[in-house]
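Notes follow once the structure below has been shown.
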Amino acid sequence: MTPHVFTTMGTAASLTFGEHEPHASVLVEVERIFAEYDKRFSLYRPFSELSRIASAELAMMDASEELRDAYALALSWRESTRNAFNPHRPDGVIDLSGVVKALAMQAAADVLRRADLSNFCLNVGGDIVAGGESAEGLPWSVGIVDPFDRSGLLTSISLAPGREGCATSGSAERGDHIWRTAESSGEFVQATVVADDIVTADVLATAIISGGPGILDLVTARWPVDVMTVDLAGAIRMTPGMSAAMLADLR
Amino acid sequence: MRTRAVLGSVFGSIAVLIIGWQAGAAALTSNQSALSTGLSTSGTTTGSSTTGSSASGTPSPAATPSSGSTTASPKSSTTSKSYTGQSVNTQFGSVQVRISVTGGKLTDVTPLHLTDFGGRSVQISNYAVPILRKEVLSAQSSHVNSVGGATYTSEAYLSSLQSALDTAGITS
């Protein structure tokens with residue numbers, strides 16, 4: 001099955017289907033969703049709505065509902081992760097890139113389902129939202145990059161039914177939406193989170209990198225997610241669910 | 001399948017990398033808290049196991065689980081080995097994990113115990129516990145649909161594994 005590859009949000013996206021090829025209009029719609037989010041939220045675009053808020057040209061109370069909703073979502077994640085996930089840059093600028101890509105991925109997945117395409121795997125810059133199964137009739141298999149050698153894989157995992165989101169954050173991540181909290185020892189160089197939805201996975205992966213071991217424990221205790229971390233010495237930790245996902249992928 | 005070929009070569013190179021990594025890690029870990037590298041090996045008969053020799057002492061030299069097994073390739077047989085990791089502290093208490101390896105493949109990961117700071121055993125639920133890197137590497141599938149990793153730029157995508165995978169998909 002030919003993957004559909006396109007660039008958006010400064011990275012590349014690849015969409016694979018586990019069944020018949022979709023109608024071209026569906027692919028156009030998926031790309032349009034990403035373009036729309038990027039246009040509104042990108043801080044690399046000087047005239048995006050969020051850039052206008054950053055420059056104080058626009059007040060938050062006058063912003064669009066979409067922007068205020070995304071900001072409210074980011075603030076609620078900040079609250080529940082004890083500030084490990086934080087949309088406020090140290091310079092005071094509101095940066096919503098920590099939720100926006102995942103929100104766009106979620107919206108794209110919704111479009112696919114509405115078009116009766118329930119078997120898909122969408123990878124945007126290394127984060128994945130997947131539904132159903134692959135063309136071989138198997139769960140989607142995801143390789144996790146080795147942070148010390150990005151041309152190699154650390155391991156691979158199977159995404160179980162219902163486990164639709166898989167996000168990986170790294171300390172050398174592109175952009176600047178991860179700021180370490182004071183109590184973070186900076187111990188983790190990579191964190192992968194598998195969750196039922198991509199927004200939860202993406203936010204919590206970011207929070208673990210930002211917050212360190214204390215937040216890792218908070219995350220695994222509070223949310224029903226599977227986690228794999230790699231620390232500075234290369235040591236790996238996994239939750240039981242992540243070990244099971246790895247073992248399930250042996251084939 | 002082109003996919004298999006591309007990834008096969010990637011995986012082939014990993015076996016080599018493990019050795020280099022372990023050599024580097026021994027030096028690094030002496031300053032790190034003892035995480036998964038401090039493991040002890042048990043005998044080679046099915047089902048046998050030992051517990052990690054005291055989580056206290058020096059974490060460094062005994063780090064790699066012994067000599068011969070530097071490559072991740074499966075050995076001939078069905079013999080099973082168990083490795084027990086040192087205990088690691090979480091904010092809720094200490095936790096330890098045991099892994100089983102059969103025929104060179106990871107076959108099971110068992111959280112051993114979790115004790116709270118009062119020393120009582122508590123129910124294991126969802127803690128991230130150390131796992132030996134070499135066994136993680138040997139456990140990987142030979143065939144993945146997608147590659148997860150920290151965000152790459154559109155330029156870096158061209159040299160990424162995901163790009164290789166997408167290209168393989170297009171030409172197959």
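The values are calculated or read from the model by the stated rules, or taken from the named source; none is laboratory data. Just so it is clear, the model here is predicted, and its values are computed rather than measured. Methodologically, a virtual Cβ is constructed for each residue, glycine included, from the backbone with ideal geometry; neighbour enumeration extends over all protein chains shown. Side chains are part of the model used for accessible areas, which takes the heavy atoms of the whole protein and leaves out ligands, DNA and RNA. Shrake-Rupley method; radii C 1.70, N 1.55, O 1.52, S 1.80 Å.
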When the expected Rg is taken as 2.2 N^0.38 Å, what fraction or multiple of it is the alpha-carbon Rg of chain A?
0.99
Expected 222 nm ellipticity per residue - DSSP helices of 4 or more, -39500 (n - 2.57), all of chain A, to 500:
-11500 deg cm²/dmol
Would you rank A:39, B:81 by solvent-accessible area, highest first, keeping every protein chain in place and using a 1.4 Å probe?
A:39, B:81
The local net charge around residue A:131, scoring Lys/Arg +1 and Asp/Glu -1 for residues other than residue A:131 whose Cβ lies under 14 Å from its Cβ, equals -4
Residues meeting the amide H criterion for residue B:108 (H placed from the backbone, H to H distance under 5 Å, 5 or more places apart or on another chain) are B:100
Considering only A:15, A:144, A:218, whose Cα is most displaced toward the positive end of the charge dipole of segment A:4-245, charges sitting on Cβ of Lys, Arg (+1) and Asp, Glu (-1)?
A:218
Quick tally, 1.4 Å probe accessible area for A:89, A:113, A:222, sorted with the most first, runs A:222, A:113, A:89
Let a ≥ b ≥ c be the square roots of the eigenvalues of the Cα gyration tensor of segment A:64-164; is it rounded (a/c under 1.5), or, if not, prolate (a/b larger than b/c) or oblate?
oblate
Using a 1.4 Å probe on protein heavy atoms only, how many Å² of accessible area do B and A hide from each other, summed over both chains and rounded to 100?
4900 Å²
Could you look at segment A:1-125 and say what percent of its accessible area is carbon and sulfur, using a 1.4 Å probe and all protein chains?
52 percent
Read phi for every residue in segment A:102-113 and hand back ³J(HN,Hα) as whole Hz from Karplus 6.51 cos²θ - 1.76 cosθ + 1.60, θ = phi - 60°, with x for Gly and Pro.
5, 5, 5, 5, 4, 5, 5, 4, 4, 4, 4, 5
Once the other residues with Cβ under 13 Å from the Cβ of residue A:19 are scored (Lys, Arg +1; Asp, Glu -1), what is the net sum?
-3
Net length gained if the chain between residue A:24 and residue A:136 were fully extended (0.36 nm per residue, minus Cα distance)
38.0 nm
Using the Cα centre as the reference, give the magnitude of the dipole from point charges on the C-beta atoms of chain A (Lys, Arg: +1; Asp, Glu: -1; all else neutral), rounded to the nearest 20 debye.
320 debye
If you count, for every residue in A:11-22, the Cβ atoms of partner chains within 10 Å of its Cβ, what is the mean?
3
Residue-wise, which Karplus ³J(HN,Hα) couplings in Hz belong to segment A:55-67, taking 6.51 cos²θ - 1.76 cosθ + 1.60, θ = phi - 60°, and x for glycine or proline?
8, 6, 6, 10, 8, 4, 5, 9, 6, 5, 4, 4, 5
